[in-house]
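S.K.: The structure that follows is given in the form of structure tokens.
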Amino acid sequence: MHISEGVLSAPVLVAGAAVAVAGISVGLRRMDTDNIPKVAVLSSAFFVASLIHVPLGPASVHLILNGISGILLGWLSFPSIFIALTLQAILFQFGGITTLGVNTVVMALPAVICFYLFRVYVRRDNGFLFYASAFSCGALSVFLSCILVAAALISTEKSFMTVAKLIVVAHLPIMVIEGIMTLFCLLFLKKVRPELLEYVNGTNPQ
């Protein structure tokens, strides 16, 4: 879902950069030394997962893992994803430097949204709520990222409408896969390290 260089208009790039800076600033203010290892691990997981991608017009299809990142990191998803995207842009030319802000927002903002939507339910013992919320977190985060990519493309040029629709359709299988992966990851953590789900950003999510 990396948007390539030379695709977006200047106003979209500036708006994306502004939102990214704001999100990263909030994330850094909430980060403490205890969270650094968790941020590093999830940044690495995002980096590796999105290395395997299939080009699709001005963007690409790949695993994102922003749902699990959102649940475990909250606002810290912004600096975590930004670091991974920066390394990918520099080392492998995925996305680009000018689109770094937009790409960060596209993947980190849905993570934060899903954090607020599902953080309470994935910490409860109720089986149905846990399974439904964990799956929905993974699937919805990808869907929201697709919507943001589509909005960025259409805001640049109306002729991108077909490509925007194609990106959403192409990610439908990814939504299901991410939902299942998020469910199993959270299920595993709930059994072996439940404390990771109890506190995020140093505050009780309840």
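Nothing in this text is a laboratory measurement; each read-out follows from the coordinates by a stated rule. None of the values given here were measured: they were computed from a predicted structure. Here Cβ is always computed from backbone atoms with ideal geometry, including for glycine, and neighbour counts include all displayed protein chains.
S.K.: Looking only at SER44, SER80, SER145, which one moves most when the chain is put into a Gaussian network model with springs between Cα atoms under 10 Å?
M.R.: Taking springs between Cα atoms under 10 Å, the residue moving most is SER44.
S.K.: Cross-link candidates for LYS191: which lysines have Cα within less than 23 Å, leaving aside residues fewer than 8 places away along the same chain?
M.R.: Result set, ordered by chain and number: LYS38.
S.K.: According to the square roots a ≥ b ≥ c of the eigenvalues of the Cα gyration tensor, what is the shape class of the range 98-191, taking rounded for a/c under 1.5, prolate for a/b larger than b/c otherwise, and oblate for the remainder? Provide the component values of the computation, followed by the final result.
M.R.: Details: a/c = 3.03, a/b = 2.18, b/c = 1.39.
Verdict is prolate for the range 98-191.
S.K.: What order do you get for ILE68, ILE174 when you list them from fewest to most C-beta neighbours inside 10 Å?
M.R.: Numbers: ILE68 27, ILE174 20.
Neighbour counts put them in this order, fewest first: ILE174, ILE68.
S.K.: Here is a further query. Taking the Cα centre of the chain as origin and charging only Cβ (+1 Lys, Arg; -1 Asp, Glu), how large is the dipole, in debye to the nearest 20? Mind showing how you got there, number by number?
M.R.: Details: 11 positive and 8 negative charges, 59 e Å.
Approximately 280 debye in magnitude.
S.K.: Now for a separate question. Round to the nearest 10 and give me the degree value, 0 to 90, for the angle of helix 10-30's Cα axis relative to the longest principal axis of the chain.
M.R.: In the chain, helix 10-30 runs at an angle near 20 degrees to the longest axis.
S.K.: Sort the chain into rounded, prolate or oblate with this rule: let a ≥ b ≥ c be the square roots of the eigenvalues of the Cα gyration tensor; rounded if a/c is under 1.5, and if a/c is not under 1.5, prolate when a/b is larger than b/c, oblate otherwise. Display every interim value, and only then the final one.
M.R.: Values: a/c = 1.95, a/b = 1.48, b/c = 1.32.
Verdict is prolate for the chain.
S.K.: Could you derive backbone 3J(HN,Hα) for the range 150-156 from the dihedral phi with the Karplus parameters 6.51, -1.76 and 1.60 (θ = phi - 60°), listing whole Hz in sequence and x where the residue is Gly or Pro?
M.R.: These are the phi-based 3J(HN,Hα) values: 4, 5, 5, 5, 5, 5, 7 Hz.
S.K.: What FRET efficiency comes out for ASP34 versus ILE97 if R0 is 25 angstrom and r is the Cβ-Cβ distance? Round to the nearest 0.05. Could the numbers behind the result be given before it?
M.R.: Values: r = 31 Å, r/R0 = 1.26.
Once rounded, the FRET efficiency stands at 0.20.
S.K.: Would you please give the FRET efficiency between LYS158 and THR86, computed as 1/(1 + (r/R0)^6) with r the Cβ-Cβ distance and R0 = 30 Å, to the nearest 0.05?
M.R.: On the way: r = 31 Å, r/R0 = 1.02.
Rounded to the nearest 0.05, the efficiency is 0.45.
S.K.: By count of other Cβ within 10 Å, fewest leading, how are GLU5, GLU195, GLU178 ordered? Working shown, then result.
M.R.: Details: GLU5 15, GLU195 7, GLU178 27.
The order, fewest Cβ neighbours first, is GLU195, GLU5, GLU178.
S.K.: Using the charge dipole of the chain (Lys, Arg: +1 at Cβ; Asp, Glu: -1 at Cβ; taken about the Cα centre), state which of VAL41, GLY74, PHE94 has its Cα farthest towards the positive end.
M.R.: The one lying farthest along the dipole's positive direction is GLY74.
S.K.: Something else: Arrange LEU85, LEU28, LEU148 by Cβ neighbour counts within 10 Å, fewest through most, would you?
M.R.: On the way: LEU85 28, LEU28 12, LEU148 20.
If I rank by nearby Cβ atoms, fewest first, I get LEU28, LEU148, LEU85.
S.K.: Now for a different question. With a Förster radius of 22 Å, plug the Cβ-Cβ distance of SER44 and VAL176 into 1/(1 + (r/R0)^6) and report the FRET value to the nearest 0.05. Walk me through the numbers before you get to the answer.
M.R.: On the way: r = 24 Å, r/R0 = 1.10.
Result of the calculation: an efficiency of 0.35.
S.K.: Over the chain, with a Gaussian network built from C-alpha contacts below 10 Å, which listed residue (MET175, MET107, MET31) shows the highest mean-square fluctuation?
M.R.: Ranking MET175, MET107, MET31 by mean-square fluctuation puts MET31 first.
S.K.: Cut-off 10 angstrom, C-alpha nodes, Gaussian network model of the chain. Which of ASN66, ASN103, ASN35 fluctuates the most?
M.R.: Comparing ASN66, ASN103, ASN35 in a Gaussian network model of the chain, the most mobile one is ASN35.
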